[in-house]
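The values are calculated or read from the model by the stated rules, or taken from the named source; none is laboratory data. Predicted model only: the values in this text are computed from it and were never measured. Please note: Cβ atoms are built from the backbone with ideal geometry, for glycine as well, and neighbour counts cover all protein chains shown.
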Amino acid sequence: MTGRVRLLLLPDEPVHRALTLATMTAALSTGLFFSVSALYFTRVVGLSPTTVGLGLTIAGGVGVAASFLGGYLADRVGADRLQVAANGLQGLALLAYVFTGSAVTFTAVACFAVGARSLQGSAKAALQARWFTGPERVQVRARLRVVTNVFIGLGTLLAAIALLLGTAAAYRSTMIGTAVLTGAATVPMAGLRRRVPRLAATMAGTRTPEGGRARGRSPLRDRTYLASVALNSVIAMQFGIQTVGVPLWIAGATAAPTVMVSVLMVINTVFVALCQVRASRGTHDIRHAGRVVRRGTLLLAAACLVYGVAGHTGPGPVGTAVAVLLLVGAELLGSAAEVRTEAGGWGLAFELADPTSAGAYQGLSSTGYALGNMVAPLLVTATAIRHGLPGWVLLAVVFAAAGVAVAALAGHAATRRTSAGEVELVA
């Protein structure tokens, strides 16, 4: 194991290491679940695709609420404790999928599973916000995202066993495996306070002179943070392009073979693994983070335009070859956009927040991502998939406009913070 890989998978800092180990097993579970869940629900449980889609949409709404609630819970019970509890609950919910037999039970379990996952996401972000400082926070988050992508990919490969067998027993066994792996993510985090003496005090937050918990500013009253979250939730809809838009576009509108869906996923995974940490450098600076987001959205806009053109290459071998090249080029542009917009968004989520209310702020940030993910499939299908190139152009304009607005917001916030600091120095 090289030094760089060891640092990525087994970092020396104990909290970072615990988060990394927990992320490994959780991401393996995610890769397995994403690969087999749709087929399990339709072929084994016997639900219609429409029922599955409706149930997951309802669960997505629960996830949005849970993301917001999770931030406030993290401030009150401790982000590390909430993460352990949420991981355990999610594992139980995934196991419950094995016993679902109707649309009602499926929807109930989905709400429980997605809600627990959202609680865990907010707790994880709050833990990073409280424990790490400055550039280290974004660097740690970037490394965890690399680990997530790599292990989701490994989980996808493991899921190929069930897909090749194609039996109900194979699908059920895989679903049980997802539950066990998710539950295993609690192990590295459990007892972390005993191993890291300062963790309990840090998770408790700032204290008043009387010994009570200091109450920071509510993120709902922070117009700058609200605007940042809203804009970044628009940009987060790019993931709907990757998971919904691109597969449907390749299969229904281009001359490229459908296997390109998997090829593009591999390209994205490798690109993020190689470039995410580098893209995050310097994004602890608010102004720089805004610029990074703007550059990323311009790349994302270009990717949308290239995807749109890939649907107009014509039939025949030449048309197929051109479509394949255009899709690869669009994926490279989109992946470059993804690592930049994510890195800049993390920097703003951390640095614009009131550290006294770190959990509440990170919960609101997670809520924005959850909203973006919930709306993305509808937006992408209603624009690019339904209207073709004009729809892709519209998406490009939306993403570019959001990025320009983020950069302007970040510049204004940085200027205001600098002015406030100068006033304090003079005083």
| query | Do we find that GLY134 is in the same structural domain as VAL187 (by TED's automatic domain parsing), touching a helix residue (DSSP H, G or I) at 6+ places or on another chain (Cβ under 6 Å) and surrounded by fewer than 21 Cβ atoms within 10 Å (Cβ to Cβ) in this structure? | reply | no
| message | I'm told LEU326 meets every condition in (1) in contact with an Asp or Glu (Cβ under 9 Å, 6 or more places away or on another chain); (2) in a helix (DSSP H, G or I) except one. Can you identify the failing condition by its number? | response | (1)
| field | Subset tally (residues that are surrounded by fewer than 20 Cβ atoms within 10 Å (Cβ to Cβ) and of a type in the set (Ser, Thr, Tyr)) for the stretch 149-189 | value | 2
| field | Check on LEU305, without any contact (Cβ under 8 Å) to a residue 12 or more places away in the chain and either part of a helix (DSSP H, G or I) or more than 25 Å from ALA402 (Cα to Cα) (or both) | value | no
| request: Please identify the pairs in which a residue from the stretch 134-158 that is aliphatic (A, V, I, L, M) has its Cβ atom under 6 Å from the Cβ atom of a residue that is outside any helix (DSSP H, G or I), counting only partners at least 6 apart or on another chain. | output: VAL138/SER280; VAL138/THR283; VAL138/HIS284; VAL140/PHE132; ALA142/SER280
| request: Name every residue in the stretch 308-321 that is in contact (Cβ under 8 Å) with a residue 60 or more places away in the chain and either β-branched (Val, Ile, Thr) or within 21 Å of ALA405 (Cβ to Cβ) (or both), in order of residue number. | output: VAL309, THR320
| query | Mind checking which pairs have a first residue in the stretch 232-251 that is over 16 Å from VAL266 (Cα atoms) and a second that is of a type in the set (Phe, Trp, Tyr), Cβ under 7 Å, 6 or more apart or different chains? | reply | SER233/TYR369; ILE235/PHE399; ALA236/TYR369; GLN238/PHE399; TRP249/TYR307
| query | Could you say whether any residue in the stretch 331-339 is free of Cβ contacts under 8 Å to residues at least 40 places away in the same chain and assigned to a helix (DSSP H, G or I)? | reply | yes
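Residues ALA168, ALA129: which one is closer than 28 Å to GLU338 by Cα and either touching a residue at least 24 places away in the same chain (Cβ under 8 Å) or within 16 Å of the chain's Cα centre (by Cα) (or both)?
Details: ALA168 fails: closer than 28 Å to GLU338 by Cα.
After ruling out the rest, the residue left standing is ALA129.
Results for (1) touching a helix residue (DSSP H, G or I) at 6+ places or on another chain (Cβ under 6 Å); (2) outside any helix (DSSP H, G or I); (3) touching a residue at least 40 places away in the same chain (Cβ under 8 Å); (4) surrounded by fewer than 17 Cβ atoms within 10 Å (Cβ to Cβ), shown as yes or no for each residue.
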| position | (1), (2), (3), (4) |
| --- | --- |
| THR50 | no, no, no, yes |
| LEU54 | no, no, yes, yes |
| GLY61 | no, no, yes, yes |
| SER67 | yes, no, yes, no |
| GLY70 | yes, no, yes, no |
| LEU89 | yes, no, no, no |
| LEU94 | yes, no, yes, no |
| THR107 | yes, no, yes, no |
